[in-house]
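Heads up: the structure comes next, in structure tokens.
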Amino acid sequence: MTYRSISAPDAVSLVDDLTLSFIDTYVNAYRECFDEIERGHGECIPKSIFNSARNQIPWLHDRPLTVFCLPHALVFWDQSKGPSGHWYLDGGPAIKIDEVHTRTPLSVRTLYSTNSSRKKPRGIARAILSDEVPGTVWTGHFLSGVSTAEATTATGKLLQFFEYRRNFDSFLTDATFGFFGYIESPATIPKKYAATAFELVSNLGFFPADLKNTRFFYSLSVVTSPETFLEKPERREDLLRTAIYRDLSRTIARQEFDVEDYIRQFSSTVFWDPEPKSKQDRLYDAVFSTRAI
């Protein structure tokens, strides 16, 4: 990995050796394990599943990736792809954060009321706040500023590093304009996924009703214990296969939902944390039967 710091020389950076070592080690190990599974069981699982996973999972494609370094976590935000046009007006998939007395601009409300075919936006769910949120959360300006560092992986993937000096729950609240924290409970990462990248949001946008800001997550993942992955190499294969089984299960599940279903299901524990119904589960067998002895 080629790394270049662009922060002030005297700044105490959260982009440390552990961060860089984890990314290098994790990306390479994940790719190798995924390739092995695909080669060994490509005939059992449709090729389209593997192709879809490669397009969605940040470690399997070479598009740019934003990395937020928190005091006790790493957050990976893939914003390299997203819907075209005014997805926050119609089409989504997205969640609009609003108040009981809507803050949707009059021009937007007029647009829907005067166009009979668009009285209600498609693919957008309205989430209503019960409490007033701080202005910084509503506007979502916590992401403003320049990155502290840049890096390029061996495959040519550009990484941009930012620092966020609060905890992950606060990050998720700020990133989603208060949806997590004020409307939905903050996400709880299952312990078995702490050392791998756990995807919380994918292919979903968020925006405040006044449209002063919009944010689309092609993928948003968090690692809450990167040191475990680095310090316990004997556990890496099990950790990776568990993560890949989860990620491929999600890929399959996404194909079963339409936009409205997707919005309702994206934060479901069952949807995001699949469990095999039996050891004969075809995907489970494909992922774990090639385990090294």
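The values are calculated or read from the model by the stated rules, or taken from the named source; none is laboratory data. From a predicted model like this one, the values you see are computed outputs, not experimental measurements. Neighbour counts are summed over all protein chains in view; Cβ atoms, including those assigned to glycine, are modelled from backbone coordinates with ideal geometry.
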Checklist entry - Considering the range 182-197 alone, what residues qualify as being in contact (Cβ under 8 Å) with a residue 40 or more places away in the chain and of a type outside the set (D, E, K, R)? => result Tyr182, Ile183, Ala187, Pro190, Tyr193, Ala195, Thr196, Ala197
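Yes or no, residue by residue, for (1) in a helix (DSSP H, G or I); (2) on the phi > 0 side of the Ramachandran plot:
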site	(1), (2)
Ser147	no, no
Gly156	no, yes
Phe161	no, no
Thr173	yes, no
Thr196	no, no
Ser202	no, no
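One line per residue, one yes/no per condition, for (1) outside any loop (DSSP other than H, G, I, E, B); (2) in contact with a Pro (Cβ under 6 Å, 6 or more places away or on another chain); (3) surrounded by fewer than 15 Cβ atoms within 10 Å (Cβ to Cβ):
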site	(1), (2), (3)
Leu14	no, no, no
Gly40	yes, no, yes
Ile49	yes, no, no
Ala53	yes, no, no
His86	no, no, yes
Gly92	no, no, no
Ile97	yes, yes, no
His101	no, no, yes
Ser107	yes, no, yes
Checklist entry - With Gly178, Gly123, Gly205 as the choices, which residue is touching a residue at least 24 places away in the same chain (Cβ under 8 Å), of a type in the set (Gly, Ala, Ser), in contact with a Gly (Cβ under 7 Å, 6 or more places away or on another chain) and crowded, with 19+ Cβ neighbours inside 10 Å? => result Gly205
Checklist entry - Could you say which residue among Ala286, Ala253 is closer than 22 Å to Glu32 by Cα, part of a helix (DSSP H, G or I), modelled with pLDDT of 65 or more and not β-branched (Val, Ile, Thr)? => result Ala286
Next on the checklist: Regarding the range 176-188, can at least one residue be identified that is touching a Lys or Arg at 6+ places or on another chain (Cβ under 6 Å), more than 19 Å from Ser221 (Cα to Cα) and of a type outside the set (Lys, Arg)?
Outcome noted: no
